[in-house]
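Shown next, in structure tokens, is the structure this report addresses.
The values are calculated or read from the model by the stated rules, or taken from the named source; none is laboratory data. Computed from a prediction, not measured in an experiment: that's the story for all the values here. No Cβ is skipped: glycine too gets one built from the backbone with ideal geometry, and neighbour counts run over all protein chains shown. Ligands, DNA and RNA are stripped out before the accessible areas are found, and what is left, the full protein with its side chains, is counted by its heavy atoms. Shrake-Rupley method; radii C 1.70, N 1.55, O 1.52, S 1.80 Å.
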Amino acid sequence: MKESVTYQYMVNKAKTEGIVSSLLLTLNTRFDSIPQTISNKIKTIDDPQLLLESQKLAITAQSKQEFLKA
């Protein structure tokens, strides 16, 4: 089962959705709110590594503007 393409797809999708949720929570917690356009754009990212890099930036950015510029 773990080798099936469908299973791997579902695992990767769940992982990506979890990172997206965490990233949005971090941004909304740190910066009170983020523009809906940014939230929508984040939800379209399907690369877990890019999402994790964005998560790190969301944690370390000094301001919302710094995050948005990156």
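In segment 22-41, the count of residues that are among the basic types (Lys, Arg), out of contact with any strand residue (DSSP E or B) (no Cβ under 8 Å at 6 or more places or on another chain) and farther than 27 Å from Tyr9 by Cα is one or more. Which of the residues spanning segment 13-25 are in contact (Cβ under 8 Å) with a residue 24 or more places away in the chain, more than 17 Å from Lys69 (Cα to Cα) and open to solvent by less than 80 Å² (accessible area, probe 1.4 Å)? Matches in segment 13-25: Thr16, Ile19, Val20, Ser22. For segment 28-70, filtered to residues that are of a type in the set (Asp, Glu) and under 17 Å from Thr16 (Cβ atoms), the residue that is most open to solvent (accessible area, probe 1.4 Å) is Asp46. For segment 1-12, the set of residues classified as within 20 Å of Gln49 (Cβ to Cβ) and either free of Cβ contacts under 8 Å to residues at least 24 places away in the same chain or in contact with a strand residue (DSSP E or B) (Cβ under 9 Å, 6 or more places away or on another chain) (or both) consists of Gln8, Tyr9, Met10, Val11, listed by residue number.
Output yes when any residue across segment 6-24 is among the β-branched types (Val, Ile, Thr) and touching a Lys or Arg at 6+ places or on another chain (Cβ under 7 Å), and no when none is.
yes
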